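Novice: Got a structure for you, written out below as structure tokens; questions coming shortly.
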Amino acid sequence: MAGNLSIATGMTIVHLIAAARPNFMKVAPLYHALKGESWCAPVLVHTGQHYDANMSEAFFRDFGLPDPDHDLGIGSGTHGEQTAGVMVAYERLCLASRPDWTVVVGDVNSTLACTLAAKKLGIPVAHLEAGLRSFDRSMPEEINRVVTDALADLLWTPSPDADENLRREGIPEVRIEFVGNIMIDALDMMRDRIAGTKLPQRLGLTAHGYGVVTLHRPANVDEGPALASIVEALRSVAEQIPLVFPVHPRTRERLRRFGLEARLASHPEIRVLEPLGYVDFMSLLRDAALAITDSGGIQEETICLGVPCLTLRDTTERPITLAGGGNRLVRSEDLPEMAQAALAAPRGGVNRPELWDGRTASRVASSLRRAAEAGERR
Ligand code: UD1
């Protein structure tokens, strides 16, 4: 029966699904926590959604993760192709080697695909970072979140607003568990290495003397006019403070396609870089005066580091980051003015919401153990 200890090994076999860059810092603390437990055997499954060395391998290396036990090698494609590709490959893997639990994280296409494939085979699914909602269904991630949470047996949430969202959607209380934010476990785990790598110095930057930019959301980068307006806004911010911009492959491709690459890179105070590994990126972020982003995770990391964050989006699924004023939603036309205000304001303190304490992985491990021992589907 699902949830019973595996007969062959005497251990609960847990598939940990890693797919795209923002998954790796969530899977790593959990992998290390489960690896140390005698009752369970974590198995790393990489779907291959992100495959470039600096989008994937660099993170496995930084976090001391072994090579994945299974690499599904799916790669890029339309949403249908990518989701379907992961479903077919993951179903095949589960049929050949059935886990007792499948653990998915975040909100990428592979999160949804593995949930669907596992549930249809009767394998219980746990979702880490459940319950976040932007209430904007034009975002592919929002669709992935809603469907994954409707199907998962165990929903581990990072903040009380997420519990509230799930209750409102009629998810039974017994499935919901508030465990905190596992990304902060990753940050704590890597703190010394982040302090030691000194990327800003290596780039000739002074602490609090530059801003960091990241962009990849389809709403910002897939249409020429929207991306052009952001490029102009960044040029204008660069008149106030130098900017460092590690460019996501999707964004790099769109900048080229819309003929905007030279316009961005020709500003003397904008430094365009390749995507960075976790330790280097966090070292850059930690000492920044300002972050400009459309990422979900960076909104959370900046409030914990005390770095003012301007989020180029209309909505956020992480409203807890807005509460203390550390993160603000901005439109590109307002960006220069908002940057000026953020730079002029006294630097805010570090804000760590409840249970963002670096101990989320151990709470998740205990929760999974209870569920596995109970051997019941919630
Ligand atoms: C995906 C996630 C998004 C997450 C983001 C983090 C979905 C729907 N989106 O978006 O939630 O915030 O990852 O990066 O799952 N590419 C490469 N090399 C890679 C990966 C991508 O060149 O290793 C290029 C390809 O041209 C690809 C494009 O980037 O078509 C977009 O990649 P994709 O995985 O489809 O979506 P992301 O924009 O990365």
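The values are calculated or read from the model by the stated rules, or taken from the named source; none is laboratory data. Keep in mind it's a predicted model, so treat the numbers as computed, not measured. All Cβ positions, even for glycine, are placed from backbone atoms using ideal geometry, and neighbour counts span all protein chains on display. Note: areas computed on protein heavy atoms with side chains; ligands, DNA, RNA excluded. Shrake-Rupley method; radii C 1.70, N 1.55, O 1.52, S 1.80 Å.
Novice: With the contact rule set at Cα under 8 Å and sequence spacing of 6 or more, what percent relative contact order holds for the chain?
Specialist: This gives 17 percent for the chain.
Novice: Pick from Gly277, Gly349, Gly80: which residue has the top mean-square fluctuation in a GNM of the chain where Cα pairs under 10 Å get a spring?
Specialist: Of Gly277, Gly349, Gly80, the Gaussian network model singles out Gly80 as fluctuating most.
Novice: Between exposed GluC sites (Glu not before Pro) in the chain, where DSSP calls loop and at most 12 other Cβ atoms lie within 10 Å, what's the longest gap?
Specialist: The longest uninterrupted stretch comes out as 1-168.
Novice: Moving on. Take the Cα coordinates of the stretch 1-125, assign each an equal point scatterer, and use the Debye formula without solvent to give log10 I(q)/I(0) at q = 0.09, 0.11 Å⁻¹.
Specialist: -0.22, -0.34
Novice: What Kirkwood Rh does the chain have if only Cα atoms enter the pairwise 1/r average? Answer in Å.
Specialist: Radius from the Kirkwood sum: 21.2 Å.
Novice: Among the trypsin sites (Lys or Arg not before Pro) in the stretch 76-138, which ones are in a DSSP loop with at most 16 other Cβ atoms within 10 Å of the Cβ? Mind listing them?
Specialist: Arg137
Novice: OK, next. What is the stretch 55-114 by shape, rounded, prolate or oblate, if you read a ≥ b ≥ c off the alpha carbon gyration tensor as root eigenvalues and call it rounded for a/c under 1.5, prolate for a/b larger than b/c, and oblate otherwise?
Specialist: It comes out oblate by the Cα gyration axes.
Novice: If you roll a 1.4 angstrom probe over the protein chains with everything in place, what fraction of the accessible area of the chain belongs to carbon and sulfur, to the nearest %?
Specialist: That share works out to 52 percent.
Novice: With the chain treated as a Gaussian network of Cα nodes joined by springs under 10 Å, which of Pro249, Pro140, Pro268 yields the largest mean-square fluctuation?
Specialist: For the chain, modelled as a Gaussian network with Cα springs under 10 Å, the answer is Pro268.
Novice: Top mean-square fluctuation among Val364, Val147, Val179, Gaussian network model of the chain, C-alpha springs under 10 Å?
Specialist: Val147
Novice: Classify the stretch 106-186 as rounded, prolate or oblate, taking a ≥ b ≥ c as the square roots of the eigenvalues of its Cα gyration tensor: rounded when a/c is under 1.5, otherwise prolate if a/b is larger than b/c and oblate if not.
Specialist: It comes out rounded by the Cα gyration axes.
Novice: Would you work out the charge dipole size for the chain about its Cα centre, treating the Cβ of every Lys and Arg as +1 and the Cβ of every Asp and Glu as -1, and quote it to the nearest 20 debye?
Specialist: 280 debye
Novice: As a test of the formula, what do you get for the chain when each DSSP H run with n ≥ 4 contributes -39,500 (n - 2.57) and the sum is divided by the residue count, at 222 nm and rounded to the nearest 500 deg cm²/dmol?
Specialist: -13000 deg cm²/dmol
Novice: Going by the alpha-carbon gyration tensor, a ≥ b ≥ c the square roots of its eigenvalues, is the stretch 149-271 rounded (a/c under 1.5) or, if a/c is not under 1.5, prolate (a/b greater than b/c) versus oblate?
Specialist: oblate
Novice: In Å, what Rg and Dmax follow from the Cα atoms of the stretch 201-357?
Specialist: 14.6, 45
Novice: Could you give the accessible area per residue of the chain, probe 1.4 Å, as a whole number in Å²?
Specialist: 40 Å²
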